[in-house]
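Right, one structure below, let's go through it.
Here, each number is a calculation from the coordinates, and none is a lab measurement. Here the structure is a predicted model, which is why all the values come from computation and not from measurement. FYI the Cβ positions are ideal-geometry reconstructions off the backbone, even for glycines, and counts take in every protein chain you see.
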Amino acid sequence: MESVDLSELNRLKMLHGEHIILRLTYISRYNNDNPNGEVTRILDQAQQNNERNGITGALVFNHNYFLQSIEGARPVINELLRKLVKDNRHHALQIIECCEVEQRRWSKWSMKYLIPSEENKGLALKFSTGTQFNPYLMSTNQIMMLIDALSEIQEQEQAEESVSKKKKPWFSIG
Ligand SMILES: Cc1cc2nc3c(=O)[nH]c(=O)nc-3n(C[C@H](O)[C@H](O)[C@H](O)COP(=O)(O)O)c2cc1C
């Protein structure tokens, strides 16, 4: 019986840089010509594909802007970036940060969806320049701090929810 040579498989993967984990964060503008419910469809598609492709990350949507952080094997992230640039459901994509990482930041999530709500919209503005949330006016540091803060709040609220067993959504759309 023929056996699979795992060391050969690993060597081939390494030749493609699959052992290197990249984290890429970008911002973009939502295309308002999209039909209703398109953001939900984007999220579903992202979650399904990412689970299959070993990608983890977080997607923030607010006031027609996207802010997404994705991490995974370097060739896989590059492939997704090519698709994202061509995707006309959003435009004006700008890369905020791209770095090699030892550990994933979003290891638990195929794509975490973070929407600033009425209660925490002050937080989005805290890291913003101006009176309206606009990631194009924010520095890399401000953007990374905002993603961190939103994900922490959501985790806390989810933890409290599971303790109290109350089914109250953390976010509200709008
Ligand atoms: C804001 C935004 C975020 C997206 N995030 C992801 C993602 O995390 N993963 C993914 O596979 N596709 C994502 N997509 C969709 C891709 O642009 C592309 O349509 C999709 O990967 C194509 O999948 P397919 O090769 O299975 O047809 C996103 C699209 C938008 C507009």
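How many Lys pairs in segment 17-164 lie less than 29 angstrom apart by Cα atoms, where the lysines are 8 or more positions apart or on different chains?
For segment 17-164, the number of qualifying lysine pairs is 8.
Between 163, 101, 85, which gets the highest mean-square fluctuation from a Gaussian network model of the chain, Cα cutoff 10 Å?
Per the Cα network of the chain with a 10 Å cutoff, 163 tops the list.
How big is the Rg/Rh ratio for segment 1-40, C-alpha atoms only, Rh by Kirkwood, two decimals?
1.38
What is the dipole size for the chain, taken about its Cα centre, with +1 at each Lys and Arg Cβ and -1 at each Asp and Glu Cβ, in debye to the nearest 20?
340
Ratio to report: Rg/Rh of the chain, with Cα atoms as the point set and Rh obtained by the Kirkwood method; give two decimals.
1.02
Hey, rough spin-label estimate for residue 9 and residue 132, points 7 angstrom out along Cα→Cβ, what's it come to in nanometres?
About 5.2 nm, to one decimal.
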